[in-house]
Amino acid sequence: NGGDKDLNDFMFIVEPEPVIIDKTPLSWTLAAEDLGNQDDFDFNDVVVSLEKIAGQSELKITALAAGGTLPVYLQFNGNTIGGEFHTWFEGVTPGTYPMINTKTKDKKGAVHTLTVAPNYTLTKFMDATDNNMGGFKIVVQRPDGTTSELTSPKEKGTAPQMMCLPCGWAWPTERTRVVDAYPGFGHWGQGYIQDATNAWAYQCEEGKVVK
């Protein structure tokens, strides 16, 4: 009868559409060459995978290969993770440094987790000018008692000793140079500033990589 305009005659709530959160981890592969043996440059001396779900704080690190024969330590923000790297693999006696998973994937590697910022992403820190690899570096203990650190290249024109690569990257077999396993690597390295696609990393020579 004319209405009272009190806006209570028909009331309802509209629930929002459900928010679907993508739980697929962001994934990377870190591969390093410790130059313990100067002639191979095979990038299988330290290989780990990194996984993190966007918005969460857990970063999972899985050991994949240890092709070097020197004591090596993976560090994050200056802190060593999990002790000497060879001991991340099952059946390895501390103080020994065997080549692991450089021909086939026959040993399972340990998984360690770190707490990072929810918006952390490894590729955010790829600017070579800051000599950073997302906070990661590798410390190599040399036979003469000295140590050296592997990070991203310090300056333009310097050969890398540690690379951030796509998830699932197949590392070269022992004593197979990366340029032989991945023919496009050399061309990419000469013009990496212009070619940031990493296309070379998907084009390997069968029989020269560990899958």
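Based on this model, can you work out whether PHE43 counts as touching a helix residue (DSSP H, G or I) at 6+ places or on another chain (Cβ under 9 Å) and either modelled with pLDDT of 95 or more or closer than 16 Å to PRO98 by Cα (or both)?
When the stated conditions are applied, PHE43 passes them.
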Of all the residues that make up segment 144-166, how many are modelled with pLDDT under 90 and part of a loop (DSSP other than H, G, I, E, B)? 11
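The values are calculated or read from the model by the stated rules, or taken from the named source; none is laboratory data. Keep in mind that this is a model prediction, so the values were computed, not measured. So basically every Cβ, Gly included, is an ideal-geometry build from the backbone, and we count neighbours across all protein chains shown.
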